[in-house]
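Participant: What follows is a single structure, and I will ask about it in a moment.
Just so it is clear, none of the values below were taken in a lab; they were calculated from the coordinates. If you're wondering where the values come from, they're calculated on a predicted model, not measured in any experiment. When we count neighbours, we look across all protein chains shown, and the Cβ atoms used for this are built from the backbone with ideal geometry, even at glycine.
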Amino acid sequence: MGTWTGRRDHALLTIAVQTGLRISELVSLTTGDIYLGTGPHVTCLGKGRRRRATPLTPLTVAVLAGYLTERRTRHGSALFPGPAGQHLSRDALEHRLAKHLTLAAGTCPSLAAKHVTMHSLRHTAAMNLLAAGVDIAVIALWLGHQHTASSDAYLHADMAIKQAAIDRTRPPDTAPGTYRPEPDILTWLSNL
């Protein structure tokens, strides 16, 4: 983050992972789409040309506030501009993410084996909301899905949520957790 490009990328990746905006929504953002006052949010024109607002967390607001102060010295209206002030392309965003993943893999080698894309950051935002107990209908609105069925995949992806649901339905005299048979149960069953 010691360069303008590094600070821009930090702001870009922070907003991407927190909001779950689509890559097309990220590349089209302008400085006018960010509101950091009371009820901070970002507005975007999403899929189907539907406009939506997504709230920003205090951490994201802090990152964007610092970034926008420096951003004012640059020309163009793109929130995350390229060298000539133009909007970055989808490929440029994927390239920037790949560059930062390569750098991060130096201190976290497990990243090298992972396939991470800008769309992965959208999934991360959805899974973070789900893990925080946010209703799937709200997640669908958050992500700009027209139908809640589009967000159902997140429900299927989290085994911890499924286990918690099972634990809530267990009889009162049953210990929570996954059933573990006695070691000699297979022998007993074989002798039947």
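Participant: Please list, in order along the stretch 14-25, the HN-Hα scalar couplings obtained from phi with the Karplus expression 6.51 cos²θ - 1.76 cosθ + 1.60 (θ = phi - 60°), rounded to whole Hz, x for Gly and Pro.
Facilitator: After applying 6.51 cos²θ - 1.76 cosθ + 1.60, I find 5, 5, 5, 6, 7, 8, x, 5, 5, 4, 5, 6 Hz.
Participant: How far apart, in nanometres, would the label points at R72 and S89 be if each is projected 7 angstrom from Cα along the Cα-to-Cβ direction?
Facilitator: Each label point is offset 7 Å from its Cα along the Cβ direction, giving 3.3 nm.
Participant: Which whole-Hz couplings ³J(HN,Hα) result when phi for each residue of the stretch 85-96 is put into the Karplus expression 6.51 cos²θ - 1.76 cosθ + 1.60, θ = phi - 60°, listed in order with x for Gly and Pro?
Facilitator: Result, rounded to whole Hz: x, 7, 5, 5, 8, 4, 4, 5, 5, 4, 5, 5.
Participant: Which distance in nm do the two modelled labels at H119 and R49 give, with both placed 7 Å along the Cα-to-Cβ direction?
Facilitator: In this crude spin-label approximation the distance works out to 2.5 nm.
Participant: Turning to a different aspect of this structure: Could you list the square roots of 5 times each eigenvalue of the Cα gyration tensor of the stretch 4-168, that is, the equivalent ellipsoid semi-axes, sorted largest first and rounded to whole Å?
Facilitator: Details: eigenvalues 156, 82, 42 Å².
One finds semi-axes of 28, 20, 14 Å for the stretch 4-168.
Participant: Considering the options M118, T102, G66, tell which one lies farthest towards the positive end of the dipole of the chain, charges being +1 on Lys and Arg and -1 on Asp and Glu at the Cβ, about the Cα centre.
Facilitator: Highest projection toward the positive end goes to G66.
Participant: Next question. With 10 angstrom as the radius, rank T124, T174 by how many other C-beta atoms surround their C-beta, starting from the fewest.
Facilitator: T174, T124
Participant: Can you sort L143, L111 so the residue with the fewest Cβ neighbours within 10 Å comes first?
Facilitator: Result, fewest neighbours first: L111, L143.
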